[in-house]
Amino acid sequence: MSKRKEEPSMPPSSAASKPVVLKSDSAISAPSLCDILTRWAAADPGRQAMSNLIMRIAEASIPLAARLAQGKLPGDPTAIVGTNDSGDAQKALDMAAHDHFIDAFHGVSVASVLSEEVEDVTDVDAGGAFDIAMDPIDGSGNIGIGAQLGAFFAIFPAGESFLRSGRDVIAAAYVSFGHSIDLGFSVGQGVHIATLDATTGAFHVHRENATVPQSHNTIALNASYYRRWSQGLQNYVDDLMAGKDGPLERDFNFRWPAAAVGDLNRILNRGGLFLYPGDTRPGYEKGYLRLAYEAFPIAFLMEQAGGIATDGAAPVLDLAPSRLHDRVPLIFGSKREAEILHGYFAGTAVPDA
């Protein structure tokens with residue numbers, strides 16, 4: 001009997017641990033997120049506390065991104081573990097991300113947290129200076145398939161309730177998990193966008209004071225609900241589809257990544273328009289996205305970048321939830337494109353079915 005020949009093991013390749021270098025690459029010159037925030041905070045205790053919080057959000061996103069990159073290898077991140085207050089199935093990663101950020105907020109002056117994944121408010125530090133409304137995983141339908149995911153954070157001064165106006169938001173941030181790990185944030189003085197350098201573990205701010213172009217031809221919408229939209233909104237989509245031969249006299253591109261964070265990141269960098277209106281499905285008459293921890297941070301960042309965020313009639317930041325997990329129709333992006341769409345709505349916040 002012949003002895004079976006063993007297959008040789010493959011030694012790890014040194015090339016596998018090195019990033020690909022483009023001919024046009026050079027040393028990173030963008031300032032680090034830490035340096036940007038340190039300069040902004042200077043010796044002001046309030047600013048230092050805010051700076052520490054933004055840094056903690058950035059730092060906490062790194063291990064979460066690492067787990068996302070493992071997919072289903074150590075376990076199924078899409079396993080259903082419960083149902084949130086809005087009636088959505090909670091996946092294992094939803095709750096893990098919630099717990100991860102709650103743990104991260106200890107020691108950075110966070111008083112309480114409102115999360116999509118928990119019905120009630122979570123107390124963190126009674127003496128904290130800030131309250132946070134967060135969606136720890138935006139686009140959870142994309143978990144496990146390699147598509148874009150992210151997280152949203154609206155930061156308020158500590159108070160007695162999260163049932164308050166969006167005008168009370170003092171800072172906001174998002175993290176986008178894609179081929180790069182991007183952090184966009186504003187402390188009320190413009191929007192800055194940083195990217196993680198995975199070779200060093202540091203975020204670098206590559207775009208300061210980002211501004212949204214007034215007009216752009218990329219529209220994000222889920223056209224599968226066309227038949228459930230108002231006549232005015234259907235007319236708008238029909239005119240978009242007609243392109244340069246129609247009344248809008250331009251050709252348009254359509255996209256729908258099923259994660260608002262992806263469109264926010266794109267719109268901040270390139271412009272365009274996102275819409276998730278109300279429709280005739282039971283429970284969707286007032287849209288789908290949650291006001292406090294999805295629409296508020298988006299709206300704050302949009303206004304800081306010269307864009308717009310409305311419910312179809314009023315600025316989102318002028319609204320206030322009556323319940324912690326209230327939904328809202330949401331339109332955000334380039335001002336000129338939003339104004340055109342508003343004309344089709346004839347002034348109604350939720351178009352009649």
So if I take the centroid of the Cα atoms in the stretch 294-342 and the same for the stretch 107-124, what is the distance between those two points in Å?
23 Å
Only helical DSSP H runs with n ≥ 4 go in: add -39500 (n - 2.57) per run for the chain, normalise by residue count and round the 222 nm mean residue ellipticity to 500 deg cm²/dmol.
-8000 deg cm²/dmol
The stretch 199-300 accessible area per residue, 1.4 Å probe, protein heavy atoms, integer Å², reads 42 Å²
For the stretch 42-139, give the share of DSSP beta bridges that are antiparallel, in percent and rounded to the nearest 5; count only bridges with both residues there.
50 percent
How large is Rg/Rh for the chain, to two decimals, with Cα atoms and a Kirkwood Rh?
1.01
May I ask you to work out the translational diffusion coefficient for the stretch 83-242 at 25 °C, viscosity 0.890 mPa s, via Stokes-Einstein with Rh from the Kirkwood sum over Cα pairs, reported in whole µm²/s?
135 µm²/s
Taking the chain as a Gaussian network, where each spring joins two C-alpha atoms under 10 Å apart, which residue of PRO45, PRO297, PRO19 fluctuates the most?
PRO19
Mean-square fluctuation maximum in Gaussian network of the chain, Cα pairs under 10 Å, restricted to ALA151, ALA338, ALA202, hits ALA202
Lys, Arg +1 and Asp, Glu -1 on Cβ, resulting dipole of the stretch 233-352 about Cα centre, debye, nearest 20:
380 debye
At 30 Å minimum axial length over the Cα atoms and a Kyte-Doolittle cut of -1.0, report the qualifying DSSP H helices in the chain, or say none.
45-70
Relative contact order in percent for the stretch 152-277 (Cα pairs under 8 Å, 6+ apart) equals 21 percent
For the chain, build the charge dipole from Cβ charges (+1 Lys, Arg; -1 Asp, Glu) around the Cα centre, then report which of GLY127, SER32, GLN304 sits farthest towards its positive end.
SER32
Measuring from centroid to centroid over Cα atoms, what is the spacing of the stretch 148-222 and the stretch 41-96 in Å?
14 Å
So what's the net charge close to SER29: Lys and Arg +1, Asp and Glu -1, counting the other residues with Cβ under 15 Å from its Cβ?
-3
How big is the charge dipole of the chain about its Cα centre, in debye rounded to the nearest 20, if each Lys and Arg gets +1 on its Cβ and each Asp and Glu gets -1 on its Cβ?
1160 debye
Taking Cα pairs under 8 Å and at least six residues apart, what relative contact order does the chain come out at, in percent?
15 percent
Just the Cα atoms of the stretch 192-307, one point each, no solvent: what log10 I(q)/I(0) does Debye give at q = 0.16, 0.17 Å⁻¹?
-0.88, -0.97
Carbon/sulfur accessible area of the stretch 133-261, % of total, 1.4 Å probe, equals 47 percent
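The values are calculated or read from the model by the stated rules, or taken from the named source; none is laboratory data. Since we're looking at a predicted model, the values are computed, not measured. Note that we place each Cβ from the backbone using ideal geometry, even for glycine, and neighbour counts take in every protein chain shown. Heads up: the accessible areas ignore ligands, DNA and RNA and are worked out on the full protein's heavy atoms, side chains in. Shrake-Rupley method; radii C 1.70, N 1.55, O 1.52, S 1.80 Å.
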